[in-house]
């Protein structure tokens with residue numbers, strides 16, 4: 001056990017307190033949603049690349065999806081702080097159901113039209129953003145503070161485990177039965193997610209809202225609320241730098257992760273099964289990494305761990321994947337990168353739940369999504385690098401730049417010393 005006197009924070013890996021029904025309801029809903037999303041990602045990427053044979057086409061679809069996410073992120077964040085999160089999770093599942101069902105129909109009837117694909121990709125991106133901010137904001141409502149880090153680890157580990165299975169499964173299904181089958185499975189999983197949200201999580205948040213005094217209900221200007229959230233974030237220098245650093249690290253990771261399918265096909269000369277296995281290795285590492293902060297008190301070192309792992313180790317893995325293209329080495333490095341991501345993201349998420357006021361979590365995760373997502377630009381840069389120099393150069397440049405920014409952020413003392421444990425004075429908006 002370790003404790004921070006006066007903070008109310010206790011981390012006890014031997015605690016007898018257990019997760020309740022509400023946590024498991026959210027876990028099952030998110031599991032169905034992310035299983036659908038992982039299968040959809042493999043299916044859509046492989047479908048676009050096999051039909052067009054173009055890295056630019058893959059990039060354009062990803063850019064449109066990312067732009068849609070950026071457009072809706074901030075409004076969604078403000079809405080989450082006002083409305084029933086269970087209903088928003090239902091909307092996210094229903095939108096995914098529509099998008100994947102339509103894509104499966106297009107693939108089945110061979111009605112490929114890039115404009116239809118772009119529109120459905122945008123709808124799919126909106127679905128994932130609504131789910132991301134809603135579920136991340138919901139987690140602290142389901143468990144006590146003593147279980148927060150463990151809950152985050154279990155939440156991410158379960159979803160990453162399902163992601164590992166889903167990625168490999170999607171690759172195998174495409175090889176054996178075709179992409180229509182994988183689109184169909186994704187569609188059904190999205191429907192399951194929507195049903196759980198509507199029947200379980202929506203009533204939970206409705207009863208929770210009925211117990212809240214009307215004087216505490218949020219009313220006011222949405223833009224003003226978003227500004228309030230941004231001012232709060234920038235006033236916490238170390239925590240703001242944590243969010244800002246992810247802008248750069250995510251930029252370079254997106255330059256490569258978007259084109260894993262091309263790395264496997266051209267860089268490694270392998271098939272969709274290896275592609276799915278590589279994504280599965282990444283997810284498997286994420287599972288193990290996500291559970292570590294729940295057992296070892298790393299929160300006091302949130303800043304330095306994120307710098308060294310999320311920036312440094314991930315950058316090194318990408319650099320080595322570009323320098324030494326080999327299916328076996330790529331699988332090992334993908335696992336290590338996933339491990340690093342799992343530890344880092346759990347620490348960031350627990351720190352956010354500890355430090356961000358409860359009434360502002362939706363806006364924070366929306367702001368984080370905007371600040372850390374330069375996906376359209378990074379996808380475009382990756383496509384240009386691949387077109388001009390090849391996919392291996394994309395990985396080498398991305399990895400090298402991540403190592404450079406690791407040094408830059410490592411020199412910032414307020415970030416390096418960031419402590420993710422809750423502070424007594426951070427209980428309400430200031």
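The values are calculated or read from the model by the stated rules, or taken from the named source; none is laboratory data. Treat the numbers as computed from the prediction; the structure is a model and nothing was measured. When we count neighbours, we look across all protein chains shown, and the Cβ atoms used for this are built from the backbone with ideal geometry, even at glycine.
Structure values in brief
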| item | result |
| --- | --- |
| Check on residue 90, surrounded by 22 or more Cβ atoms within 10 Å (Cβ to Cβ), touching a residue at least 12 places away in the same chain (Cβ under 8 Å) and more than 25 Å from residue 344 (Cβ to Cβ) | yes |
| Hits in region 382-403 - residues which are farther than 27 Å from residue 233 by Cα and buried (at least 19 other Cβ atoms within 10 Å of the Cβ) | 382, 383, 385, 386, 391, 392, 394, 395, 396, 397, 398, 399 |
| Out of 381, 397, 345, sole residue that is under 23 Å from residue 122 (Cβ atoms) and assigned to a helix (DSSP H, G or I) | 381 |
| So residue 67, is it under 25 Å from residue 368 (Cα atoms), touching a residue at least 24 places away in the same chain (Cβ under 8 Å) and surrounded by 21 or more Cβ atoms within 10 Å (Cβ to Cβ) | no |
| Residue selected from region 364-381 under the condition buried (at least 24 other Cβ atoms within 10 Å of the Cβ) and over 16 Å from the mean Cα position of the chain (by Cα), by the criterion modelled with the highest pLDDT | 378 |
| Residue list for region 270-289, restricted to those being within 15 Å of the chain's Cα centre (by Cα) and surrounded by fewer than 23 Cβ atoms within 10 Å (Cβ to Cβ) | 287 |
| Scope region 404-430; condition crowded, with 19+ Cβ neighbours inside 10 Å, modelled with pLDDT of 90 or more and either over 18 Å from residue 347 (Cα atoms) or in contact with a strand residue (DSSP E or B) (Cβ under 7 Å, 6 or more places away or on another chain) (or both); matching residues | 405 |
| Unique residue being at pLDDT 80 or above and within 25 Å of residue 158 (Cα to Cα) when the list is 247, 254 | 254 |
| Residues of region 123-155 satisfying the condition of being at pLDDT below 80 and closer than 16 Å to residue 343 by Cα | 148, 149 |
